1. Which members of the range 774-789 meet the condition of being free of Cβ contacts under 8 Å to residues at least 60 places away in the same chain and either open to solvent by less than 30 Å² (accessible area, probe 1.4 Å) or of a type in the set (S, T, N, Q) (or both)?
2. Hey, could you check the range 583-605 for residues that are open to solvent by 20 Å² or more (accessible area, probe 1.4 Å) and outside any helix (DSSP H, G or I) and say which is nearest to V724 (Cα to Cα)?
3. Hey, can you tell me all the residues within the range 200-258 that are without any contact (Cβ under 8 Å) to a residue 12 or more places away in the chain, in contact with a Phe, Trp or Tyr (Cβ under 7 Å, 6 or more places away or on another chain) and of a type outside the set (S, T, Y)?
4. In the range 321-355, how many residues are hydroxyl-bearing (S, T, Y) and over 22 Å from Q759 (Cα atoms)?
5. Quickly run through the range 416-432 and pick out the residues that are crowded, with 18+ Cβ neighbours inside 10 Å and in contact (Cβ under 8 Å) with a residue 24 or more places away in the chain.
6. Search the range 460-504 for residues being basic (K, R) and part of a helix (DSSP H, G or I), and hand back the single one that is nearest to the chain's Cα centre (by Cα).
7. Residues of the range 252-270 being open to solvent by 50 Å² or more (accessible area, probe 1.4 Å) and either under 13 Å from E222 (Cα atoms) or of a type in the set (S, T, N, Q) (or both), which ones?
8. Quick one: count up the residues across the range 295-320 that are of a type in the set (K, R) and either free of Cβ contacts under 8 Å to residues at least 40 places away in the same chain or open to solvent by less than 10 Å² (accessible area, probe 1.4 Å) (or both).
Amino acid sequence: MLFVFTFFKRLPYNKQLINYKIKYMSKLSWLKRIIWLALAFFAVASFVIIITIIYLELHLPSVKRIKDVQLQVPLRVFTSNGQLIAEFGSKRRNPVTLQQIPKIVIDATLATEDQRYYYHSGVDLLGLGRAAVVLILTGKKEQGGSTITMQVARNYFLTRKKTFTRKIREILLAYRIDHTLSKNKVLELYFNKIFYGNRAYGIAAAAQVYYGKPLKNLTLAEAAMLAGLPQAPSYLNPIINPTAALKRRNHVLERMYEESYITAAQYQQALAEPLTAKYHGLKIGVNAPYIAELIRNEMVMKYGEKAYTTGLRVYTTINPKLQTYANIAIRNGVLAYDKRHGYRGPVENLGNTVPANLTVWEKALSKIPTINILQPAAIIAINADNSVTALLQSGQTITIPWANMAWARSQTLKGTDEYLGASPSQATDIVKTGDVIYTNFSKGSWQLSQKPKVEAALVAIDPQTGAILALVGGFDNNASSFNRVVQAYRQPGSSFKPFIYSAALAKGYTLASMLNDAPIVIPTNSLLGLWRPENDTHKFYGMTSLKTALIQSRNLVSIRLLQLIGIPYAINYVTRFGFNADQLPQELSLALGTANVTPLQMVIAYSVFANGGYKITPYLIEKIANRDNKIIYSGHTPTVCDSTCQQNLVQNNQGQTNSSTNFAPQVITSQNAFLMTQALKAVITGGTGKPALVLHREDLAGKTGTTNEKVDAWFSGYNNHLVVTTWMGFDQPKPLYEYGDQAALPVWINFMKLALKNQPLADLPEPPGIISVRINPATGKTAGSNDTTATFEYFIAGTVPQASSPSLPAANPNTPTNSEEGVY
């Protein structure tokens with residue numbers, strides 16, 4: 001140090017040089033400071049970044065969660081043989097495996113979204129760098145840096161919010177996914193998750209939505225179109241923006257050609273294909289909206305909101321053919337009734353001058369809903385032959401011939417009274433130019449129609465198992481979702497009488513027991529004081545057998561019979577058929593069907609007669625499968641197994657009964673059910689159900705029902721394999737002006753005509769303890785050998801009335817007499 005000091009001391013003194021050195025050293029000091037500051041900043045930044053990455057890494061989804069990732073799959077409802085009824089959920093998705101996705105779809109996606117997919121580790125650094133350079137140079141995000149793996153990370157686990165933190169999480173998660181799952185699995189997740197527009201999530205749903213076909217049937221051009229959608233599914237939607245969609249499709253095809261996925265010839269051929277995409281709604285196998293809603297409600301009650309997203313597949317008991325027949329029967333029955341009661345006029349009038357541009361009227365028609373098969377149409381011309389030309393919503397023009405309009409007598413209502421005008425003689429008596437009407441195509445030509453006001457319901461059930469085979473809750477679910485099969489409590493009228501008669505048979509009466517069909521006056525608690533019921537014919541028929549009274553639906557005999565067996569006993573007995581005691585009025589009007597019941601309750605009750613006396617439990621859900629097609633619920637209920645059936649089971653099990661076997665309880669004797677079936681068969685062969693003879697079958701039994709003032713019309717009928725109840729009426733009760741055999745029975749007949757076609761007879765077997773005896777129909781007693789008026793009647797052994805015995809059973813001391821009930 002001393003040497004250096006001495007050396008510099010001996011040097012000549014140069015003030016300018018000294019100042020230069022001082023300045024130079026000062027600059028070096030600042031440079032060092034800047035470098036140190038930069039190094040410190042870099043170190044701190046690196047530390048912060050490392051800490052941030054560690055923090056984000058710790059909060060990434062676990063490997064297990066990644067492996068167990070679940071797609072949101074909608075709830076689907078199917079018929080018994082797997083035909084789709086409905087789908088519930090905000091996202092249309094049909095998960096597929098990678099093996100089910102055609103190579104052209106995979107190639108188109110890789111060429112466009114991530115051509116280096118199989119060569120990077122979830123994040124393409126080259127791609128990110130290239131996108132960053134373009135962004136810096138142009139200020140525009142023209143190239144995407146996200147790989148397929150990063151898109152999977154974003155769509156499955158992250159939000160759509162664009163932040164720096166989310167991007168880091170996306171990159172980190174992409175690395176984790178790439179190290180956790182195989183490339184093929186990640187690609188499969190991508191194809192099942194990505195949004196393609198129009199509620200289509202996943203490539204399989206997109207193929208159905210845009211092209212109405214499965215993946216395997218897509219063409220190269222169609223595959224390219226779909227592969228290009230994820231970039232901007234709304235803007236590139238080929239239905240909304242075909243120009244942009246076509247440009248994007250062609251870009252995908254170009255990328256496929258550049259990456260050597262397709263040949264030059266394939267490229268040119270695909271470029272030449274026009275756009276064919278259009279919206280394809282859900283392909284419904286069978287129309288059953290009332291059933292779909294029942295299932296949806298049940299699933300939400302059972303599984304909560306998760307029912308819409310966990311991929312549940314509900315298989316119902318619905319037979320698709322029978323459901324279709326039920327739809328046809330209800331539709332035709334309602335429209336036929338509506339025509340019988342006149343024309344109420346047009347929906348509205350668009351003006352008496354037809355515009356040169358019919359699109360004006362098309363737009364007006366598009367605002368009017370289609371109802372069932374009824375389409376709105378505007379009259380644009382009345383022709384010389386009295387046919388009319390009409391415009392449909394679609395722009396199609398149709399002709400309605402005069403023969404399909406001549407029914408339209410004008411309907412006038414005064415209060416609740418209905419009046420029909422004279423039959424029209426020409427088209428101008430019915431419509432004028434500009435009238436908006438409803439029309440439907442039937443039997444090869446267009447028909448004038450109108451939106452019906454009347455409603456109807458039908459339910460069919462298997463009496464051996466309780467499986468609901470068909471159900472229609474109204475004319476049109478879109479117009480009214482009120483399900484009349486299960487929600488409409490209406491009076492069943494005379495169709496309730498069989499349960500009172502069954503109660504009488506259980507108390508010792510027979511089908512040959514005689515009661516007097518004569519006037520009755522009954523004191524009541526109403527202001528009128530007295531009730532004087534009548535037969536529908538307003539006549540009296542004297543001594544009448546129970547069978548005849550049921551066949552002809554005699555009110556007075558039914559009331560007397562209920563009085564004799566006792567109201568408390570009858571109510572208690574009738575609950576065996578599935579009715580609740582609190583819905584049964586404790587008065588003699590019960591004999592005429594004044595209880596409030598649903599069509600479902602009626603079909604269950606009639607099933608007891610159909611199956612030989614067993615109370616079955618109705619069920620609609622056959623089974624429920626999860627997204628993996630594993631059965632998680634089975635809906636089987638107790639089935640009918642009579643004494644012979646149970647004996648066979650014991651023999652097959654070597655004398656041991658199977659404790660797990662669940663049989664339906666027997667609620668009335670098989671003999672009682674058989675006798676009631678014989679009486680209800682006679683209703684069809686010679687009573688109020690006689691129109692059903694058109695079916696030419698000997699195994700059918702049933703009963704009509706008409707309520708007071710003809711407000712409700714019913715028919716319940718069956719054979720041993722099928723029970724069907726039909727109802728018709730107005731939601732706001734008012735007269736139908738038709739009996740049950742006019743309004744409800746035709747619906748039942750039209751259904752059975754199709755349902756039983758080519759089906760063998762299914763009679764209720766005759767049980768032991770039944771005998772057939774010749775009786776005198778006037779007395780109900782056994783007939784002599786020379787009695788030419790004698791007929792055969794069925795009896796339970798031990799109840800045959802001898803010639804010298806009374807026709808009625810001995811009086812029960814607990815049963816009130818006529819005078820005690822106030823019958824005169």
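The values are calculated or read from the model by the stated rules, or taken from the named source; none is laboratory data. Bear in mind the structure is a predicted one, so any value in this text is a computation, not a measurement. So basically every Cβ, Gly included, is an ideal-geometry build from the backbone, and we count neighbours across all protein chains shown. Just the protein is used for accessible areas: all its heavy atoms, side chains included, with ligands, DNA and RNA removed. Shrake-Rupley method; radii C 1.70, N 1.55, O 1.52, S 1.80 Å.
1. N776, T782, A783, S785, N786, T788, T789
2. N596
3. If the condition is that a residue be without any contact (Cβ under 8 Å) to a residue 12 or more places away in the chain, in contact with a Phe, Trp or Tyr (Cβ under 7 Å, 6 or more places away or on another chain) and of a type outside the set (S, T, Y), then N241, A244 are the ones that fit.
4. Counting residues in the range 321-355 that are hydroxyl-bearing (S, T, Y) and over 22 Å from Q759 (Cα atoms) gives 3.
5. Matches in the range 416-432: A427, I430, V431.
6. Per the criteria, the residue is R484.
7. Answer for the range 252-270, where residues must be open to solvent by 50 Å² or more (accessible area, probe 1.4 Å) and either under 13 Å from E222 (Cα atoms) or of a type in the set (S, T, N, Q) (or both): S260, T263, Q266, Q268, Q269.
8. 2
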